[in-house]
Amino acid sequence: LSDRLDRWADPPLLVLASLSGGPKHGYAIMQDVADTMGVRLTAGTLYAVIARLEARGLIEAAEAEDRRRPYRLTAAGASALAAESERMHRVASLARERLRVAQPGPAATRPPTPSPTPWPALRRAAGRGPGWAGA
Amino acid sequence: MSANDGGDRPAAASVVLGRLARVALALYPAAWRERYGDEVRALLDDSGADVRTVAGLAWQAALAWAWPPRHLYDRPARMRGSVATVLVAWTMLAGLGLVFDQLTQLQGARSPAHPLIAWSYWVFDAAAAVSVAGVVIGGLPLWLLMMRTAVRRRSWRDVMCLCSPLSATAAWVVAVRITVLLLHRADGVGQWWFLALVAAGFGAACWFAAGPVLALLRLRPGGPAVALAARAGGVAAVAMTLAGAASIVAAVAVTLWAPPYAGYHQGWPLGIYVPAVVLAGVVATVSAARGVRASRPGGAG
C-alpha cells in the first residue's frame, strides 16, 4: 500500500509547489511536477487546478507568450503554500518520531518515505472541486 | 506487410488521439474554452496526447459544466441555458406523458386490475398538473418580457418564434381532429395512423420548444423574470419527472397485471418508453438544478 500513497498527491499543492520556483506555463508545470515530484498530471487535471487556483486568487496569469501563458504565485498562494508546508512538516516529524519509537533498531534509523497526506487545509484554501483525485 | 507499417501505426494512433483530445476540449463550456482553450491546445502540441489525456479532458469537461470555476461563472447565461434545456426536456416528457395518457387513462376501459395502477394514475395526473402550472406561471413573465423586447426591436422573427408554442399546439390539434374525422372507425384510427400522429406530435413538440429557445438565445433577457423562470423550471422539471416515474410504474403494472389492455401485451413499447422518460427526466432535473442554483442571490459556481 505504501507504494501507492503517491496517488493521494494533491494536484493543487503540486502546482503551487512548482510555481514557488518561479513563473511557469502549463507544459513547464507538468514537466516540473513529473520530474521533481514523480506525479504525471494530465492536461485536463492541470487546467482544472489552474482554473480553481486562479479563481481563488492563489495564482495569477502573466502576459501570454505566444499561446503559452505563464502563471505565478500570488502572496495569498505563497502564504497558503507556506502554511501547508509547515503543517506537512509537523506531520512528517511526528510520523518519524512515532515510527522510531514503535520500531527500535537499525530499521528505525532509516527515515521512512514521506507519506503524502490529503492536505485538508490547502484543499479548503484552493477549493474542493472534484476531479483532482484523477491525477 | 512492409517494415514501415510498424512505425506508421503509432504515429497514426498519436494523430487520432491528438484529434480526439481536441474534440474533448470542444466539450468544455464556451467561457472555459475562451479563457484556457489556446493554452491547452499549446500544451497538447508540446506534450502529445494519449488515452489518459483524452479521458481526463472529457471528464474534466463534464466537471467544468457541473462546477464551473467562479471567475468563469456567468449567472444569467447559466439561467438562460437551464431554462432552454429544461423547456426542451420538459416538452419531451410532456409528449411522452400524452402518449401514456392516450394509451391508458383515455382508453375508456377503466379496469385498473391492481391498486398500484390506480395510485400511479392519480400521482401522474397530480404531478403533471403541478408541472404545467409551474411552466405557465413561471414562464409567462419571461415570455412577455421577450415578446415586448422583440416587438420594440421590430424583430418579427423572434415574435414568430415566441408564438411557436401556440402555433405548434394548434397545428397538431387540428391535424389530429382532421385525421380522426376522416379515419375514425369503431376501434379508433388504427395502429399505423396512431404511430403517425405520435411522430407528428413529437415533431410539433420540437417546434413548440425550439421557438422560445431560439428567442432566448437571440434576445438574451436577464433580470428577475429569468430567475423566476429558472426556479419555476425546477418545480416543473421535478413534477414532470415524478409524473414520468408514475407513468412507468403504471405501464409496468399494466403489463404485469392487465396484459390484454390497450396493446400492453407486447413488451417493446416499454423498451422505448422507459429509457426515453428516464433520459428526459435526468436531463430536465440536472439542468433545472443548475438553473435554480444560479438563480439564488450570489449563486455559487
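The values are calculated or read from the model by the stated rules, or taken from the named source; none is laboratory data. Everything numeric in this text was worked out from a predicted model, so none of it was measured. Glycine also receives a Cβ, built like all others from the backbone with ideal geometry; neighbour counts cover every protein chain displayed.
Annotations for the structure displayed:
- Candidate set: the stretch B:14-36, residues that are assigned to a loop (DSSP other than H, G, I, E, B) and free of Cβ contacts under 8 Å to residues at least 40 places away in the same chain; chosen: the one surrounded by the most Cβ atoms within 10 Å (Cβ to Cβ): B:TYR28
- Filtered residue count, the stretch A:50-70, keeping only those that are within 10 Å of chain B (Cβ to nearest Cβ) and closer than 25 Å to B:ALA66 by Cα: 9
- The conditions of being closer than 28 Å to B:TRP193 by Cβ and touching a residue at least 40 places away in the same chain (Cβ under 8 Å) are not met by B:GLY138.
- Here B:VAL226 does not qualify as within 28 Å of B:LEU116 (Cα to Cα), among the β-branched types (Val, Ile, Thr), surrounded by 18 or more Cβ atoms within 10 Å (Cβ to Cβ) and modelled with pLDDT of 90 or more.
- Hits in the stretch B:37-86 - residues which are closer than 30 Å to B:LEU219 by Cβ and not in a helix (DSSP H, G or I): B:TRP67, B:PRO68, B:PRO69, B:TYR73, B:ASP74
- Among all positions in the stretch B:88-96, there is no residue which is over 21 Å from A:GLY26 (Cα atoms), exposed (fewer than 15 other Cβ atoms within 10 Å of the Cβ), modelled with pLDDT of 90 or more and of a type in the set (Val, Ile, Thr).
- Residues that are crowded, with 18+ Cβ neighbours inside 10 Å and either more than 8 Å from chain A (Cβ to nearest Cβ) or of a type outside the set (D, E, K, R) (or both), drawn from the stretch B:37-46: B:VAL40, B:ALA42, B:LEU43, B:LEU44
- Filter result for B:ALA58 (surrounded by fewer than 20 Cβ atoms within 10 Å (Cβ to Cβ) and free of Cβ contacts under 8 Å to residues at least 24 places away in the same chain): no
- Subset of the stretch B:67-77 (residues that are over 10 Å from B:PRO29 (Cβ atoms), within 22 Å of the chain's Cα centre (by Cα) and of a type outside the set (D, E, K, R)): B:TRP67, B:PRO76
- Test result for B:ALA77, buried (at least 22 other Cβ atoms within 10 Å of the Cβ) and out of contact with any Ser or Thr (no Cβ under 6 Å at 6 or more places or on another chain): no
- Residue within the stretch B:181-197 that is closer than 29 Å to B:ARG290 by Cα, free of Cβ contacts under 8 Å to residues at least 24 places away in the same chain and surrounded by fewer than 16 Cβ atoms within 10 Å (Cβ to Cβ) present: no
- A:PRO114 being modelled with pLDDT under 65 and not charged (D, E, K, R): yes
- The requirement of being part of a helix (DSSP H, G or I), of a type outside the set (Val, Ile, Thr), within 13 Å of the chain's Cα centre (by Cα) and at pLDDT 90 or above is fulfilled somewhere in the stretch A:58-77, by at least one residue.
- Count - residues of the stretch B:61-72 that are facing another protein chain (nearest Cβ under 8 Å), under 15 Å from B:ARG35 (Cα atoms) and crowded, with 16+ Cβ neighbours inside 10 Å: 4
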